[in-house]
Amino acid sequence: MFRKLPKSKEKKKAVFKPFDNDRLRLVVSRSNKNIFAQITDRDGRTILGVSTLMSELKDKKLKKTEKSYALGEIVAEKAIKMGIKRVYFDRNGLRYHGRIKSFAEGARKGGLDF
């Protein structure tokens, strides 16, 4: 229940900016063990989706924050291959802390601009 207000504010901020139509949303969500990321367009259609359950990361013996950082780099690499450089970072109502922060740092290092 406590995530409802920040989540709705964040979505409004990302969707209702008429002057910046070239940006898509990078949505991050997490569970206790894994982290998931999607790049969606303004209509909510998923363009790119990655998670720590992918074979690239599942086999590696890394801590959860290290996997998040690596996932951020992977999503940035795949997005740049698709021609996506600028995105809005949608934390999905989660605090910018721990695995979410690690994911964002990895995506920035990978070349995404948000």
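The values are calculated or read from the model by the stated rules, or taken from the named source; none is laboratory data. Note that this is a predicted model, so its numbers are computed, not measured. We place every Cβ from the backbone using ideal geometry, glycine too, and count neighbours over all the protein chains shown.
Looking only at the stretch 97-111, which residues are touching a helix residue (DSSP H, G or I) at 6+ places or on another chain (Cβ under 9 Å) and of a type outside the set (Lys, Arg)?
GLY98, ILE100, SER102, PHE103, ALA104, GLU105, GLY106, ALA107, GLY110, GLY111
Scanning the stretch 66-103 for residues that are of a type in the set (A, V, I, L, M, F, W, C) and either in contact (Cβ under 8 Å) with a residue 40 or more places away in the chain or farther than 13 Å from ILE35 by Cβ (or both) yields VAL75, ALA76, ALA79, ILE80, MET82, ILE84, VAL87, PHE89, LEU94, ILE100, PHE103. Taking strands (runs of 3 or more DSSP E) as the structural unit, those lying wholly within the stretch 15-112 and holding at least 3 residues that are surrounded by fewer than 16 Cβ atoms within 10 Å (Cβ to Cβ) correspond to 46-51. The set of residues from the stretch 47-56 being over 16 Å from ASN32 (Cα atoms) and of a type in the set (A, V, I, L, M) comprises ILE47, LEU48, VAL50, MET54.
From the list ASN21, ASN32, the one residue that fits, being modelled with pLDDT of 90 or more and either of a type outside the set (D, E, K, R) or in contact with a helix residue (DSSP H, G or I) (Cβ under 8 Å, 6 or more places away or on another chain) (or both), is ASN32.
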